[in-house]
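Below: one structure, written as structure tokens.
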Amino acid sequence: MRAERRLLATVAIGAAAIAWALPFAWMAVASLRPGVPPDIASLTPPGPFGLGNYALAWRSGSFPLWYLNTLLMCGGILAVQLVTITAAGYAFARLRFAGRETLFALFMLQILLIPALLIVPNLATLVRLHLYDRLLGIMAPYFASGFGVFLMRQTFRAIPRDYEEAAMLDGARIPALIRHVLAPLARPGLVAFAIISVTAHWNEFLWPLMAVVSPSRQVLTVGLASFTAGAEAGSAWGMVAAGTFLVAGPLLILFLLFQRRFVSSFMFSGIK
Amino acid sequence: MPRQALAALLLLAPSAAFLLAFSYWPVLYVAVESLTAGRGGADLGNYARLFADPHFAQAVRNNLVYAVGTIAPSVTLALLFALALRDSTRLNAMLRTLLVMPLLIPLVAAAALFSFVLLPGQGLLDWYLARLGIAATNWLGDPDLALGSIIALTVWKNTGYYMLFFIAGLAAVPQELLDAAKIDGARALARFRHVTLPMLGPTFGFVLPIALLNALTQVDHVVTLTQGGPSDSTSLLLYYIYQQAAQNDDPGLAAAATLISVAALLALSLGTFRALDRGIHYAS
């Protein structure tokens, strides 16, 4: 009786998990079916199969440009963030100064003041700084990260002070100390942050949509939205599936390859 | 100035500059803008217009339904999945992967997939429902169903994420406590209710604010799938703000609505932290 109930529960959960994956299964199957078959919803079609939809999607969207812009945006944000969060994280973890706790609380407040919510004023700021309609404008609001500072403060606190004291005795200054002694030791924290940051910005839509108008500066998510609108109008669902995979695929594949890394990073977060 | 303070100043300056420009200044800016934009001087006219706007009231109502409608099922399902898949067998690891995958894709990509899943007649859902003899349904075009469809998409996207936190939370429940309860004759359900659930307090304290944040700040699927329609049935607060700013060119309404959202977000997050803080069960 108990064993039966347990089996039933396992089957139910297994079925739910498989149902969860059906949209992905459809994306994979439909993207490989050329033309506009009437049974495009079928998860087990007889064929024929081919890569034609990917070629069509590649040609009808500006995928190379969108990839380039997305990589520049994610890379630019991350590069600046790694510097700002390491510096601030060190200051909060190791240095003593008046108002430290208050200042830290103010930094943490940023976690709630999500840029998406502040679209209206931030657009005005971009215009004033001549950053509107530029990739740099999409990136700028993310250069400081309250969450990253929190993560680095925790990471630095977990490193024994002995290392720094030895380096200090050798006369190292703080920047050199951080670069050559602490940053290498803080690598796990930095990697976790990098995964969270890149995932968040690769997937972001509303802010890049608002901050940029020129098609030549669009990122993948914004491109996908206009691309799918066009393809749906022609009922080219196989092409929609292929285009969606081109946008979502890189992170999905990285996730499947480095699952442990990703999951442990997400556990740190709470903020995507 | 002491040496450490000077060093701290230099190290914090870059972060502080960007925080000021893009997090704190904007809040001040909307506060002022909400009082002055489109007004002769400074008054509460924009707020009066906002509260008189039926579209705003609708967006607030929708957002409440959306928050409850997404958070309750996704947190419950996440907990159930975590309980079922907590042991790291190979099969469980695979099923967990399937559940977490939606987290990795952009919300617009999820929306693109669901635009087909929910397509009337030809789409994935209707195609298979037709085999059960259920007629085609206009999931996104019917004002009574559209918000529910958007909610379903969100639950699909976020549940796996919350599950990860519950799996970690469950691993932290001391086995001795469960064993002790077992010896005292507590049945599985009682053990869950009186031991496991209270011990998961911190996990709830973490997951609920995140879920709230998501319910208030994620509208990409609304922008691409329904544009708030049909007849405002899927308009959410942030979507309303986006509309006022991008389409209606009404900075006064946009600023007033933004300030209210920010205030709501801060109040809700602090409230959740507080409430759970009181309810949290400390092991030590």
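Bear in mind these aren't lab numbers, they're just calculated from the coordinates by the rules spelled out. Since the structure is predicted, the reported quantities are computational estimates derived from the model, not experimental observations. Note that each Cβ is placed from the backbone with ideal geometry, even for glycine, and that neighbours are counted across all protein chains shown.
Counting other C-beta atoms within 10 Å, and keeping those with at most 16, which DSSP coil chymotrypsin sites (Phe, Trp or Tyr not before Pro) do you find in region A:1-69? Present the calculation step by step, with values, prior to reporting the outcome.
Values: sites: A:20, A:24, A:26, A:49, A:54, A:58, A:66, A:67; in loops: A:49.
Taking region A:1-69 and a limit of 16 other Cβ atoms within 10 Å, the loop chymotrypsin sites (Phe, Trp or Tyr not before Pro) found are A:49.
Summarised in one figure, the compactness ratio Rg/Rh of region A:2-50, Cα atoms and Kirkwood Rh, is 1.24.
Summing Lys, Arg as +1 and Asp, Glu as -1, what charge do residues with Cβ under 12 Å from the Cβ of residue B:3 carry, residue B:3 excluded?
Charge balance near residue B:3 sits at +2.
Projecting label points 7 angstrom from Cα along Cα→Cβ for residue B:72 and residue A:10 puts them 3.3 nm apart.
Kindly provide the helix-only [θ] at 222 nm of the protein assembly as shown, computed as the sum of -39,500 (n - 2.57) over DSSP H runs of four or more divided by all residues, to the nearest 500 deg cm²/dmol?
On the way: 27 runs with 382 residues, N = 556.
Calculated from helices alone, the mean residue ellipticity at 222 nm is -22000 deg cm²/dmol.
The label-point distance for residue A:3 and residue B:135, in a model that sets each label 7 Å from Cα toward Cβ, rounds to 4.9 nm.
Set against the 2.2 N^0.38 Å expectation for a compact globular protein, region A:49-111 has a Cα radius of gyration ratio of 2.01.
Comparing region B:1-60 with the 2.2 N^0.38 Å rule of thumb, its C-alpha radius of gyration ratio is 1.84 (two decimals). Restricting the calculation to alpha carbons of chain B gives Rg and Dmax of 23.2, 79 angstrom.
Entry for region A:76-157 at q = 0.13, 0.14 Å⁻¹: log10 I(q)/I(0) = -0.47, -0.53, Debye formula applied to identical alpha-carbon scatterers, no solvent contribution. Membrane-span-like helices in chain A, defined here as complete DSSP H runs extending at least 20 Å along the helix axis by their C-alpha atoms with mean Kyte-Doolittle hydropathy no lower than -0.5, are A:2-31, A:63-94, A:187-203, A:237-257; this is a sequence and geometry rule, not a statement about a membrane. When the Cα convex hull of the protein assembly as shown is projected onto planes of every orientation, the mean area is 30.2 nm².
The residue among B:14, B:216, B:251 whose Cα reaches farthest toward the positive pole of the charge dipole of chain B, with charges on the beta-carbon of Lys, Arg, Asp and Glu, is B:14. Dipole orientation for the protein assembly as shown: of the candidates B:229, B:72, A:7, A:7 has the Cα lying most toward the positive pole (charges on Cβ; Lys, Arg +1; Asp, Glu -1).
Modelled spin-label separation between residue B:52 and residue B:172, with each label point placed 7 Å from Cα along the Cα-to-Cβ direction: 5.1 nm.
How many percent of all Cα-Cα pairs in chain A sit more than 32 Å apart? Provide the component values of the computation, followed by the final result.
On the way: 15508 of 36856 pairs.
Taking all Cα-Cα pairs of chain A, the fraction more than 32 Å apart is 42 percent.
Rounded to 0.05, the FRET efficiency of the residue B:89 and residue A:214 pair, given R0 = 45 Å and the Cβ-Cβ distance, is 0.30. Candidates A:65, A:105, A:115 compared by Cα position along the dipole of region A:61-157: farthest toward the positive end lies A:105, with charges placed on Cβ.
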